[in-house]
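Presented below is the structure to which this report refers.
The values are calculated or read from the model by the stated rules, or taken from the named source; none is laboratory data. A quick note: this is a predicted structure, and the numbers were derived from the prediction, not measured. When we count neighbours, we look across all protein chains shown, and the Cβ atoms used for this are built from the backbone with ideal geometry, even at glycine. The protein model used for the area step is the full one, side chains on, heavy atoms only, and it has no ligands, DNA or RNA in it. Shrake-Rupley method; radii C 1.70, N 1.55, O 1.52, S 1.80 Å.
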Amino acid sequence: MKRLLAMTLSAILALGVLAGCGGGNAPEQPADTAQPENTAQSEDTAQDGQDAGTGLGTLASFTAGTLDGGTFTQDDIMAKDVTVINFWALSCGPCIVEMPDLAEFAGALPDNVQLVTVCLDGNGNEDTAREVLEKAGFEGVTLISGSGDLLDLSRSLMYTPTTVFVDGEGMVADAVIGGQEDLSGTFLAAVNAVLEGSGKAEISLEK
């Protein structure tokens with residue numbers, strides 16, 4: 001289940017499209033859709049797996065296409081104190097399993113923090129991606145293509161799901177790798193660490 005994604009994504013993402021991993025328990029893909037090897041890390045092996053974010057770079061200059069046909073850029077990152085970006089794939093079982101928890105977390109965030117997802121194999125599979133997101137109750141922005149710094153960040157990923165935490169300057173401050181038993185608790189701690197590092201007040205998920 002655990003395989004390097006970087007070399008595979010380098011070849012596919014060079015075309016300017018975020019592609020995804022194949023296999024797993026994902027819905028069936030069209031025959032002409034590029035499907036790299038499955039890189040999903042199981043919850044058992046990924047619990048509490050975090051990366052300090054060193055070397056993950058910035059999202060200071062990029063353009064991405066959204067699932068609803070819009071555009072998402074560095075300006076949308078800089079409009080918030082923290083942006084949480086979840087990289088997932090239709091071919092990644094743990095990604096889909098955690099999506100309802102991700103949707104619940106996103107819905108509880110205050111206005112200064114946002115959560116967006118990147119569906120790595122969503123380009124060409126938009127209807128399936130919408131079905132997964134709607135079933136999970138996720139109502140936020142989902143990206144299905146990208147260039148610039150977003151493309152570079154995607155190439156550096158080793159596992160899905162991977163969630164990165166980006167400050168208001170576009171700096172990728174932290175990453176959480178793999179499915180989480182306590183997604184809200186883990187993600188909230190990461191968000192507050194970014195806010196603290198920026199000299200901003202911590203948030204709570206309580207309404």
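Computed from the C-beta positions of E169 and A108, the FRET efficiency with R₀ = 30 Å rounds to 0.75.
As a calculated quantity, the FRET efficiency between S184 and D68 at R0 = 30 Å, using C-beta atoms, amounts to about 0.75.
In whole angstrom, note down how far apart the Cα centers of the stretch 170-184 and the stretch 54-131 are. Taking the Cα centre of each part, the stretch 170-184 and the stretch 54-131 sit 12 Å apart. With all protein chains kept in place, the per residue accessible area of the stretch 105-207 amounts to 41 square angstrom at a probe of 1.4 angstrom. Once Rh is set to the Kirkwood radius over Cα pairs, what Stokes-Einstein translational diffusion coefficient, in µm²/s, holds for the stretch 103-207 at a temperature of 37 °C and a viscosity of 0.692 mPa s? Diffusion coefficient, whole number: 219 µm²/s. Between L205 and E139, the simple label model (points 7 Å from Cα in the Cβ direction) yields a spacing of 1.7 nm. The overall shape of the stretch 65-151, judged from the alpha-carbon gyration tensor, is oblate: a/c is not under 1.5, and a/b is no greater than b/c.
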